[in-house]
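Asker: I am attaching a structure below and will ask some questions about it afterwards.
No value in this document is a laboratory result; all are computed from the given coordinates. Computed from a prediction, not measured in an experiment: that's the story for all the values here. Glycine gets a Cβ as well: all are built from the backbone with ideal geometry, and neighbour counts include every protein chain shown.
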Amino acid sequence: MQSEDLQLGKLASIPTSPDEATLDRVPNAHPDTHFVARFTCPEFTALCPVTGQPDFGTLVIDYVPGKYLLESKSLKLFLFSFRNHGSFHESCTVGIGKRVVETIEPVWLRIGGYWYPRGGIPIDVFWQHGTLPQNVWAPDQGVQPYRGRG
């Protein structure tokens with residue numbers, strides 16, 4: 001992908017749906033070195049596909065890149081596109097993980113979706129692709145399970 005094809009450094013609007021969103025990748029300057037990169041989205045929003053009410057959660061994406069890195073502005077716009085999109089927690093979390101894998105072909109990826117309660121029940125969703133390379137440190141995602149006010 002040429003730099004003129006990227007959304008980075010250009011005025012870009014929020015896509016109207018995840019299907020219309022473009023995820024960009026850039027070359028990894030260290031493809032010979034395994035390391036973990038993390039994106040955290042503490043204010044992720046989607047819509048319940050049944051009621052249309054907003055759902056809120058924290059997404060944590062950890063990955064070991066191969067030839068490519070995920071470009072953060074395009075990820076932000078992709079995640080924003082879910083604000084008016086109806087999808088269950090499981091579908092959002094796994095779908096985002098699969099889309100990132102399709103785009104950057106990482107050595108390893110895990111995504112944790114830590115959702116606030118819907119109907120009184122919090123739903124946390126985890127998905128992983130590949131195997132974490134030996135001797136690579138992937139820290140805990142750091143999001144506590146939902147405990148309410150108690």
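Asker: Enumerate the pairs (first residue in the range 45-62 and over 17 Å from Ile111 (Cα atoms) and free of Cβ contacts under 8 Å to residues at least 60 places away in the same chain; second residue anywhere and in a loop (DSSP other than H, G, I, E, B) and of a type outside the set (Ser, Thr, Tyr)) with beta-carbon separation below 9 Å, excluding pairs fewer than 6 apart on the same chain, so at least 6 apart or on different chains.
Answerer: Leu47/Gln53; Leu47/His85; Pro49/His85; Pro49/Phe88; Val50/Phe88; Pro54/Cys48
Asker: I'm told Phe82 meets every condition in (1) surrounded by fewer than 17 Cβ atoms within 10 Å (Cβ to Cβ); (2) over 19 Å from Arg25 (Cβ atoms) except one. Can you identify the failing condition by its number?
Answerer: Of everything listed in (1) surrounded by fewer than 17 Cβ atoms within 10 Å (Cβ to Cβ); (2) over 19 Å from Arg25 (Cβ atoms), Phe82 misses just condition (1).
Asker: Sticking with this structure for a sec: Taking into account only those residues within the range 127-150 that are surrounded by 15 or more Cβ atoms within 10 Å (Cβ to Cβ) and under 14 Å from Thr58 (Cβ atoms), which is nearest to the chain's Cα centre (by Cα)?
Answerer: Gln141
Asker: Out of the residues in the range 105-126 that are in contact with a Pro (Cβ under 7 Å, 6 or more places away or on another chain) and either in a loop (DSSP other than H, G, I, E, B) or among the aliphatic types (A, V, I, L, M) (or both), which is surrounded by the fewest Cβ atoms within 10 Å (Cβ to Cβ)?
Answerer: Tyr116
Asker: Any idea how many residues of the range 15-53 are of a type outside the set (D, E, K, R), assigned to a loop (DSSP other than H, G, I, E, B) and within 16 Å of the chain's Cα centre (by Cα)?
Answerer: First pass over the range 15-53, keeping only residues of a type outside the set (D, E, K, R): 15-18, 21-23, 26-31, 33-37, 39-42, 44-53.
From the residues that got through so far, the ones that are assigned to a loop (DSSP other than H, G, I, E, B) too are 15-17, 21-23, 28-31, 33-36, 48-53.
From the residues that got through so far, the ones that are within 16 Å of the chain's Cα centre (by Cα) too are 15, 17, 21-23, 36.
Of the residues in that region, 6 qualify.
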